[in-house]
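The values are calculated or read from the model by the stated rules, or taken from the named source; none is laboratory data. Keep in mind the model is a prediction, meaning the values are calculated, not measured. With ideal geometry, Cβ positions are generated from the backbone for all residues, glycine too; neighbour counts draw on all protein chains shown. The protein model used for the area step is the full one, side chains on, heavy atoms only, and it has no ligands, DNA or RNA in it. Shrake-Rupley method; radii C 1.70, N 1.55, O 1.52, S 1.80 Å.
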There are 4 protein chains.
Amino acid sequence: MRLAFFGDVVGKSGRDVLVEELSAFRDRLKLDFVVVNAENAAGGFGITERTAIELFDAGADVLTLGNHSWDQSEALTYIEREPRLLRPANYPSGTAPGRGTGLYETRSGARVMVMNVLLRLYMQPLDDPFACVDEALSASPLGQVADAIIVDAHGEATSEKHAMGHFCDGRASLVVGTHTHIPTADHQILAGGTAYQTDAGMCGSYDSVIGMDKEEPLRRFTTHMRSGRMQAASGPATACGVYVETDDRTGLAVRVEPIRFGGVLSEALPVV
Amino acid sequence: MRLAFFGDVVGKSGRDVLVEELSAFRDRLKLDFVVVNAENAAGGFGITERTAIELFDAGADVLTLGNHSWDQSEALTYIEREPRLLRPANYPSGTAPGRGTGLYETRSGARVMVMNVLLRLYMQPLDDPFACVDEALSASPLGQVADAIIVDAHGEATSEKHAMGHFCDGRASLVVGTHTHIPTADHQILAGGTAYQTDAGMCGSYDSVIGMDKEEPLRRFTTHMRSGRMQAASGPATACGVYVETDDRTGLAVRVEPIRFGGVLSEALPVV
Amino acid sequence: MRLAFFGDVVGKSGRDVLVEELSAFRDRLKLDFVVVNAENAAGGFGITERTAIELFDAGADVLTLGNHSWDQSEALTYIEREPRLLRPANYPSGTAPGRGTGLYETRSGARVMVMNVLLRLYMQPLDDPFACVDEALSASPLGQVADAIIVDAHGEATSEKHAMGHFCDGRASLVVGTHTHIPTADHQILAGGTAYQTDAGMCGSYDSVIGMDKEEPLRRFTTHMRSGRMQAASGPATACGVYVETDDRTGLAVRVEPIRFGGVLSEALPVV
Amino acid sequence: MRLAFFGDVVGKSGRDVLVEELSAFRDRLKLDFVVVNAENAAGGFGITERTAIELFDAGADVLTLGNHSWDQSEALTYIEREPRLLRPANYPSGTAPGRGTGLYETRSGARVMVMNVLLRLYMQPLDDPFACVDEALSASPLGQVADAIIVDAHGEATSEKHAMGHFCDGRASLVVGTHTHIPTADHQILAGGTAYQTDAGMCGSYDSVIGMDKEEPLRRFTTHMRSGRMQAASGPATACGVYVETDDRTGLAVRVEPIRFGGVLSEALPVV
Ligand SMILES: [Fe+2]
Ligand SMILES: [Fe+2]
Ligand SMILES: [Fe+2]
Ligand SMILES: [Fe+2]
Ligand SMILES: [Fe+2]
Ligand SMILES: [Fe+2]
Ligand SMILES: [Fe+2]
Ligand SMILES: [Fe+2]
């Protein structure tokens, strides 16, 4: 199977690059399934029904979230109506609306399990992400219940993401980090067959401070004073993500490549 | 000028890849100057005179440090004798031994200013890194006092590093992050001419948790219990870094490329 | 001299207890000078001109702030017009409006130096609070330039506050912590003659979560979901603070006692 | 029933004040049960069998721990043999040795449930302390399974402790915080009948930085450099704690008072 995962979409600029390019990219690579982290889709803060639909229409099969899930309060009700939208799975049971894992069918009938989980180092202490992922992977064994499994590990610290990759190794097709908004160059297939990249990077303008207009973050770092709200940067976005090919029999990865197109970063396009 | 910067060397495996490959790599790329972050060179924790000499002999012109500078106490005295070893420049005045900036001469007589600075988000609160860098850049204007300037921004958060890149834009040849031990794929030349990459990545084994044997970090993340000390992973290391070409007249960057060789990560070698 | 310091005033309930009681308390104890931390005076978040005037009218000579200084944006301009309002002194030079130290005259002509400083453990990294305090104390030697010196150390961690107490010992009349909103019972005169208490406690309702209505904080701790903004609790407030008597010749403390009146906490009133 | 709880015993000085005074204090107040937090009993770091026995012999019925539980590795096996020693209950199931809750019998046959739980704000993310406490309190209803219930909430942030107090209100006899090493003056009986104090304070020298010799912490705060290990301060200790009387029928509190004796802090002794 051919899968692609795109990191945090930041604001209009981030949505635009996917609206304009994702459909053709999807065709060219003959992608079976596309997951997009959309926690910053609405002006940099959370997601709305309108921005979600834009991304679904652009070619996303499933959208994941993170620590910004509820920045737009309409997400609290929208997620109840939209099974293709996932929030972190490790909220304490019975607290958050929506769900954190989903089993989806591709156009050709294959089953893809997707999961969003919030890590804890330098972040909010939701329930144990390792126990949560372990339970989900045990409930949907790769190659049996699911033909492919994608784990979006939303976290700050590279150590916790790297540990999560190994923790899932052999039981997921792809473990990919999100949240730092900077793509990492460490895509690899781990010893057990799981594709891994510490961070997918964002779909947003890299002439910015992690997707936001530079002025306000620079002011805060240098003066510790605020002057208004952060704004998503409006420059042309680079779409950043990961491409994975899996073995149809085992669901494990046989190939992993970075994806980068648009904007100011160097281009990386899998050749298929 | 042709410059290379390599990220955090982790343990023997990280030193070995440089000892074996750096000299030839340096010749092949006709490098004028090579800086290596060595804060984890001694078994993963700090630096010793012996490990520093190994790296100088391998072809490093200058070594930088970070939050692990003093893990080996001999570094406290060694740094006083070794001007090519730099610790974070933003220790409060009069506290730490050694220095945080240095002006060096290449074999061909060009002057390279190198600076190591510790960022503060999720880290120790040393003095303001932005004010510290500003002062150093003002004292050694690029293209006047220094023919090239390399700033090693040792930090956890991508936002603070990205902000530091823009903060120095036009005044340094290269701003490169270290500390997360994972290379980023966002190398770019900023609007003002400064080459930038959020993290250089480490020189260490990527079959690990950021350079350390997987077992202990995984145990800590899943059980919150320790069972002995972290150990640097012994698998073959990938040397990760950044290559920059500067305009001899201005000192600004005209080209930036990632460097990755050895170990399990995908190879990236600048073609010159 | 007889001094009193009251901790973080939280919302209307916190202002009310001072408006109703401070004037009589001040007379009864024959207080020469009263300092009140007012960073939460306006509905729990920051300060406004109106709420500041209420507290000045109630009997405060000087108001101090903290990490919530600018929650109400009018404070940014009000502080420029009001020398009796102090924000943390350790903002980088040239960034924040207003000032962080002040030298005031009591009704009887004595000079009192007051200083507000933001600590850094688990907080924003302003400039070094120890260096900042050191400079201010050197510029206004106790017993020479100032007849009394009060340092409001606004911080989270008991260790950093305790260290600040010793750091100032012999050079200030009183070092008192603020920010945690819970009074500590460790008032003491340190070896060098400085009165010290780790936290003054708040002037607010203790039937709350540190001054806020219980429901929202409890929801966040148990579900990690928000449901609206925090609200200052409206129950009757306890005014919490510290009473200090100084030696008129040296400015050092000869007596320190806790102050607690109103609300649900046990009463503590210095007997004079 | 008459209960006493003493906060973190720090080193020899902290043990000594209890060895010398606890037995007589216990008799004078006719205490039915005494709990002591002992996470720093062994030189400031963790606990050993020898130091635990000293405290049991001095009159402690149960010892609790915290984030320093395993600083001395012998505690990992000792706790398996000693049912009166409790570590935080919210370790993930199956990870830590020992137990986090215990049901004990007083000399007169009453049953006391004791629980140690690690909070998460600015600390390690163990499992949800609120869910953990909820489960334990549901399993041992106050007034039915247990005649008294004491919850030691080991945490940094006053907000999380205050929230925990309300969370348990009506279901525990006493919720008392530990870890900050500074006693708070907010002892009160909450609306539902649970006695509460944000922090018990330590049994240790208050001429220190939270129980440690001042020099090293001051050096670290001012220079960010270390010079050797922290040492427990050796000055005379103040024993700090809380005294609670419960209604024998309901197990709820009818009286709460601070305890402070020895050392430099002001004395507080319940009059019975
Ligand atoms: Fe994001
Ligand atoms: Fe995020
Ligand atoms: Fe580091
Ligand atoms: Fe490092
Ligand atoms: Fe406050
Ligand atoms: Fe505050
Ligand atoms: Fe502790
Ligand atoms: Fe402790």
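Considering only C:Leu29, C:Leu119, C:Leu142, give the residue with the highest GNM mean-square fluctuation for chain C, with springs between Cα atoms whenever their separation is below 10 Å.
C:Leu29
Kindly work out what percent of the DSSP beta bridges joining two residues of the protein assembly as shown are antiparallel, to the nearest 5.
In the protein assembly as shown, approximately 45 percent of DSSP beta bridges are antiparallel ones.
Between C:Glu215 and C:Ser108, take the C-beta separation as r, use R0 = 35 Å, and let me know the FRET efficiency to the nearest 0.05.
Computed FRET efficiency for C:Glu215 and C:Ser108: 0.15.
Angle check, please: helix A:11-28 long axis (alpha carbons) against the longest principal axis of chain A (alpha carbons), in degrees 0 to 90, nearest 10.
The answer is roughly 30 degrees.
Just want to confirm a number: the relative contact order over chain A, from Cα pairs under 8 angstrom separated by 6+ residues, in percent.
Here the relative contact order equals 19 percent.
For A:Arg50 and D:Asp247, what is the calculated FRET efficiency with R₀ set at 60 Å and r taken between the beta-carbons, to the nearest 0.05?
0.55
What's the whole-number percent of alpha carbon pairs in region D:129-204 lying beyond 20 angstrom?
Considering region D:129-204, 26 percent of its Cα-Cα pairs are separated by more than 20 Å.
Given a 1.4 Å probe and no ligands, DNA or RNA in the count, how much accessible surface is buried by B and A, both sides, to the nearest 100 Å²?
Using a 1.4 Å probe on protein heavy atoms, the buried area is about 3300 Å².
Determine the share of chain D's accessible area contributed by carbon and sulfur atoms, expressed in whole percent, with a 1.4 angstrom probe.
47 percent
Find the all-direction average of the projected area of the Cα convex hull for chain A, expressing the result in square nanometres with one decimal place.
13.3 nm²
With only alpha-carbon pairs counted, each pair once and no self-pairs, how large is the Kirkwood hydrodynamic radius of the protein assembly as shown in angstroms?
30.5 Å is the Kirkwood radius here.
May I ask you to give the solvent-accessible area per residue for the protein assembly as shown, in square angstrom, as obtained with a 1.4 angstrom probe?
32 Å²
Summing -39500 (n - 2.57) over the DSSP H runs of n ≥ 4 in chain A and dividing by its residue number, what mean residue ellipticity at 222 nm do you reach, to the nearest 500 deg cm²/dmol?
Only helices count here, giving -7500 deg cm²/dmol.
Please report the antiparallel percentage of DSSP beta bridges with both residues in chain B, rounded to the nearest 5.
Given both bridge residues lie in chain B, the antiparallel proportion sits at roughly 45 percent.
How large is the charge dipole for the protein assembly as shown, taken about the Cα centre, if only the Cβ atoms of Lys, Arg (+1) and Asp, Glu (-1) carry charge, to the nearest 20 debye?
Magnitude of the dipole: close to 0 debye.
What's the local net charge at A:Asp128, with K and R +1, D and E -1, over the other residues with C-beta under 14 Å away?
Around A:Asp128, the surrounding residues sum to -2.
How do the peptides D:213-225, D:51-63 rank, highest first, by the average count of neighbouring beta carbon atoms within 10 Å per residue?
D:51-63, D:213-225
Which single residue of chain A puts its beta carbon nearest to the axis of rotation relating A to D, and what distance, in whole Å, does that give?
Of all Cβ atoms in chain A, the one nearest the axis gives A:Pro125, 2.
Take the Cβ-Cβ distance between A:Ser234 and B:Arg28 as r, set R0 to 41 Å, and report the resulting FRET efficiency rounded to the nearest 0.05.
That pair, A:Ser234 with B:Arg28, gives E of 0.50.
Here is the link list: C:Lys161/D:Lys161; A:Lys12/A:Lys161; A:Lys161/B:Lys12; C:Lys161/D:Lys12; A:Lys161/B:Lys161. Which ones come out longer than 26 Å on Cα distance?
A:Lys12/A:Lys161
Roughly what % of DSSP beta bridges within region B:88-219 run antiparallel, to the nearest 5?
35 percent
Work out from phi, with θ = phi - 60° and the Karplus expression 6.51 cos²θ - 1.76 cosθ + 1.60, the ³J(HN,Hα) of each residue of region A:121-128, listed in order in whole Hz, and give x for Gly and Pro.
So the Karplus estimates, Gly and Pro as x, are 5, 6, 9, 5, x, 5, 5, 3 Hz.
For the pair A:Ser73 and B:Glu135, how long in nm is the line joining their label points, each one 7 Å along Cα→Cβ?
Modelled inter-label distance: 4.7 nm.
For region A:183-211, list whatever residues lose no less than 50 Å² of accessible surface once every protein chain is in place, relative to that chain by itself, with the probe at 1.4 Å.
In region A:183-211, residues shielded by partner chains: A:Ala185, A:Gln188.
Using only Cα atoms, tell me the angle between helix C:129-139 and the longest principal axis of chain C; keep it within 0 to 90° and round to the nearest 10.
Helix C:129-139 sits at roughly 30 degrees to that axis.
Per residue of C:216-227, what is the mean number of Cβ atoms on other protein chains within 10 angstrom of that residue's Cβ?
What the average comes to for C:216-227 is 6.
Bin by bin, in steps of 5 Å, what percent of the Cα pairs in region A:26-68 do you find, going until the bin that has the longest distance?
The percentages, shortest bin first, are 6, 23, 30, 20, 11, 8, 1.
Would you work out if region C:1-117 is rounded, prolate or oblate? Take a ≥ b ≥ c from the square roots of the eigenvalues of the alpha-carbon gyration tensor; rounded if a/c is under 1.5, else prolate when a/b is larger than b/c, oblate otherwise.
It is oblate, given that a/c is not under 1.5 and a/b is not larger than b/c.
How much net charge surrounds C:Ser108 when only the other residues with a Cβ under 13 Å from the Cβ of C:Ser108 are counted, with Lys and Arg +1 and Asp and Glu -1?
Residues close to C:Ser108 contribute a combined charge of -1.
To one decimal in nm, how far is B:Gly94 from the same spot in the other copies, if labels go 7 Å from Cα toward Cβ? Please give the shortest first.
Spelled out, the distances from B:Gly94's label point are 2.4, 5.7, 6.0 nm.
Label-to-label distances across copies for B:Thr250, with labels 7 Å out along Cα→Cβ, in nm, shortest first?
The projected label point of B:Thr250 is separated from its counterparts by 5.1, 6.4, 7.8 nm.
Do any trypsin sites (Lys or Arg not before Pro) in region B:1-107 lie in a DSSP loop with no more than 11 other beta carbon atoms within 10 Å, and if so, which?
Sites meeting the loop and neighbour criteria: B:Lys30, B:Arg107.
Counting partner chain Cβ atoms within 10 Å of every residue's Cβ in C:124-131, what's the average?
So the per-residue partner count for this stretch is 6.
For D:Arg81, go 7 angstrom from Cα along the Cα-to-Cβ vector, then report the distances to that same point in the other copies in nm, smallest first.
Output for D:Arg81: 4.9, 6.5, 7.4 nm, nearest copy listed first.
Note the angle between two axes, namely the Cα long axis of helix A:49-58 and the longest principal axis of the Cα atoms of chain A, as a number of degrees from 0 to 90, rounded to the nearest 10.
Approximately 50 degrees, to the nearest 10.
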